[in-house]
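Working notes, structure below.
The values are calculated or read from the model by the stated rules, or taken from the named source; none is laboratory data. Because the structure is predicted, anything quoted here is derived from the model rather than measured. Every residue, glycine among them, receives a Cβ derived from its backbone with ideal geometry; neighbour counts consider all protein chains shown.
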């Protein structure tokens, strides 16, 4: 299932498009440990591609293979159709922004940005280097700090110096290793939009490594969710969120309720999932690959579940799932509240509702009997 | 300022006296006018004059300085290289043996190092003189340099070097333009350490020196054996003055740079 987005940019859907980067059956081993397991992946020019996964899933290894610090044990990596195995980092049209920023402490901001240019084909042309550095300083709004040393500027400014330095040589591909990890939350959110803006203006292909799913969703055109050296799903953020292909992805991205159960054979594209003794089965859209009955997981996001003191009358009869339960916990987050509801069979369900009214006027409280409901297309049935 | 309690005051006085009383007495007697070291015969600077007219002492001082500069420079070069191999190359066959062998001279008694070197020089037929002292000093001070530089390299962020490679440096260029400037303080203090060790080494130098070249420590030691002479007091006072000036200058410089850094950081975050 593909969730439609109105961005217009989708080279991955075009069979004619040539990828900028192609991983072909790449495996990387460190001793007996397999960091990357038979990876095949295409990344297209001008993409903002996110590698997302828990630490140790191999995302950093992919990045280091692109930068040239590691070579694949098996398989090939192509950049613009050329195999780049064995090409040292200094000869690749690829630059990297390091997690620690790796700013040279003995050089000023200006010299940090000029460092790569002085070792490029414009090495002899001092005026061109100066012009390019000024351009980068302007792009990252650092003009005032050009003469400072890295220890004389704040964390957010250091992050921008690192970005300016890695963009100065106008690389074909920019790698960002947890670029915002060291910033506090508010600054991180601002910087995410700044990164997207800079990516769009320079037209550079960005590959970002992150363990923060919110960050990946915000900045990326496509997200690859990784687990133990394998890519589990590559899709647009909306597809990853609304149509995860497995319990792992569903659980990794955002909050979700999982009902494990036994599904009946699909009829007219819908199946019924029996998940608890004495409760009506969940009616849900069956995935295309499902034939006959199967053990499945039904996954539904908390904000797709409605909660109310009575059985909701407005839902179409026969297409809705509704259950009685008891509120056992309420987490008040200001704009929304999360209700933890326990159903008769003991299954716990998280429900999120926007707080459109002020607190005194809300009716649901602890220990209250409530109804939760959702339509037959609100969740997904996962077979793995 | 807080007032010191009488207990703290006493222990401070006793401690300082224990450390510095001998030196103070030495400095005072260096201005003694008389020939006898322990009998005060009025203030005079005549022994300083005598010292600067004594050819043998001046020659020994010159040899010492030459040996110290050459040996500490070569030791710094070799010691830094050894440190890089130890910290950077990761595991290789014989790494443990190699690191053990580099650090062994740290704990080896000087007498044994000196004797071993003497036997080596005799075996290969090398005439003893300034060259053999230089070689011997390189051997034993190299490991000190290597310890100092290795500890700095261990805390060095490898991604700085990777960033340099990523931005177009060859590995050699990356070392020259990023790693070396950053570890420079450790390399310099390694050099200073090697220099000091060479300056005051008596045991190894006496094994490896020849009749043509005597270092200052050997000269002083042999002069003292014939009886302490006021000239030695004068010489020692000069050495104390040099060392004190060096230490005070170094501490003032580092204090100033720390203060400047703190001020600059405050400015950066204050805006």
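Scanning segment A:263-294 for residues that are part of a strand (DSSP E or B) and touching a residue at least 24 places away in the same chain (Cβ under 8 Å) yields A:263, A:270, A:271, A:273, A:282, A:283, A:284, A:285, A:294. Taking segment B:110-159 as the range and being within 30 Å of residue A:64 (Cβ to Cβ), over 22 Å from the mean Cα position of the chain (by Cα) and part of a helix (DSSP H, G or I) as the test, the residues that pass are B:154, B:158, B:159.
Let's see how each residue does on (1) touching a strand residue (DSSP E or B) at 6+ places or on another chain (Cβ under 9 Å); (2) modelled with pLDDT under 95; (3) more than 14 Å from chain B (Cβ to nearest Cβ):
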| position | (1), (2), (3) |
| --- | --- |
| A:9 | no, yes, yes |
| A:13 | no, yes, yes |
| A:45 | yes, yes, yes |
| A:54 | yes, yes, yes |
| A:98 | yes, yes, no |
| A:103 | no, no, no |
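Quick one: which residue in B:172, B:119 is more than 30 Å from residue A:121 (Cα to Cα) and surrounded by fewer than 16 Cβ atoms within 10 Å (Cβ to Cβ)? Write out each step before concluding.
Numbers: B:172 fails: more than 30 Å from residue A:121 (Cα to Cα).
Every option except B:119 fails the conditions.
Among residues of segment B:78-110 being more than 30 Å from residue B:174 (Cα to Cα) and in contact with a helix residue (DSSP H, G or I) (Cβ under 6 Å, 6 or more places away or on another chain), the one that is surrounded by the fewest Cβ atoms within 10 Å (Cβ to Cβ) is B:106. Which of the residues belonging to segment A:334-364 are surrounded by 10 or more Cβ atoms within 10 Å (Cβ to Cβ) and out of contact with any helix residue (DSSP H, G or I) (no Cβ under 9 Å at 6 or more places or on another chain)? Result: A:337, A:340, A:341, A:342, A:343, A:344, A:345, A:347, A:348, A:355, A:362, A:364.
Show me the helices (runs of 4 or more DSSP H) entirely contained within segment B:179-271 in which 1 or more residues are out of contact with any helix residue (DSSP H, G or I) (no Cβ under 7 Å at 6 or more places or on another chain) and either closer than 22 Å to residue B:23 by Cβ or not assigned by TED's automatic domain parsing to the domain that holds residue B:131 (or both).
Working: elements: B:180-199, B:203-208, B:216-225, B:230-270.
Of the helices (runs of 4 or more DSSP H) lying wholly inside segment B:179-271, those with at least 1 residues that are out of contact with any helix residue (DSSP H, G or I) (no Cβ under 7 Å at 6 or more places or on another chain) and either closer than 22 Å to residue B:23 by Cβ or not assigned by TED's automatic domain parsing to the domain that holds residue B:131 (or both) span B:180-199, B:216-225, B:230-270.
When residue A:115 is tested against the conditions (1) assigned to a loop (DSSP other than H, G, I, E, B); (2) facing chain B (nearest Cβ under 10 Å); (3) touching a helix residue (DSSP H, G or I) at 6+ places or on another chain (Cβ under 7 Å), the lone failure is (1).
The strands (runs of 3 or more DSSP E) found wholly in segment A:295-347 and carrying at least 3 residues that are within 25 Å of residue A:250 (Cβ to Cβ) occupy A:320-332, A:336-343. Mind checking which residues of segment A:118-156 are touching a residue at least 24 places away in the same chain (Cβ under 8 Å) and at the interface with chain B (Cβ under 9 Å from one of its Cβ atoms)? Across segment A:118-156, the qualifying residues are A:119, A:120, A:145, A:148, A:149, A:151, A:153. Restricting attention to segment A:72-86, and to residues there that are in contact (Cβ under 8 Å) with a residue 24 or more places away in the chain and out of contact with any helix residue (DSSP H, G or I) (no Cβ under 7 Å at 6 or more places or on another chain), which single residue is nearest to the other protein chains (Cβ to nearest Cβ)? Among them, the one singled out is A:79.
In the set A:89, A:93, which member is closer than 28 Å to residue A:44 by Cβ, within 13 Å of chain B (Cβ to nearest Cβ), in contact with a strand residue (DSSP E or B) (Cβ under 9 Å, 6 or more places away or on another chain) and buried (at least 17 other Cβ atoms within 10 Å of the Cβ)?
On the way: A:93 fails: buried (at least 17 other Cβ atoms within 10 Å of the Cβ).
Answer to the selection: A:89.
Would you call residue A:311 surrounded by fewer than 18 Cβ atoms within 10 Å (Cβ to Cβ), farther than 19 Å from residue A:256 by Cα, modelled with pLDDT under 85 and more than 33 Å from the chain's Cα centre (by Cα)?
Values: surrounded by fewer than 18 Cβ atoms within 10 Å (Cβ to Cβ): yes; farther than 19 Å from residue A:256 by Cα: yes; modelled with pLDDT under 85: yes; more than 33 Å from the chain's Cα centre (by Cα): yes.
Judged against the criteria, residue A:311 is a match.
Among the listed residues A:49, A:115, identify the single one that is in contact with a strand residue (DSSP E or B) (Cβ under 6 Å, 6 or more places away or on another chain) and at pLDDT 95 or above. Checking each option against the conditions leaves just A:49.
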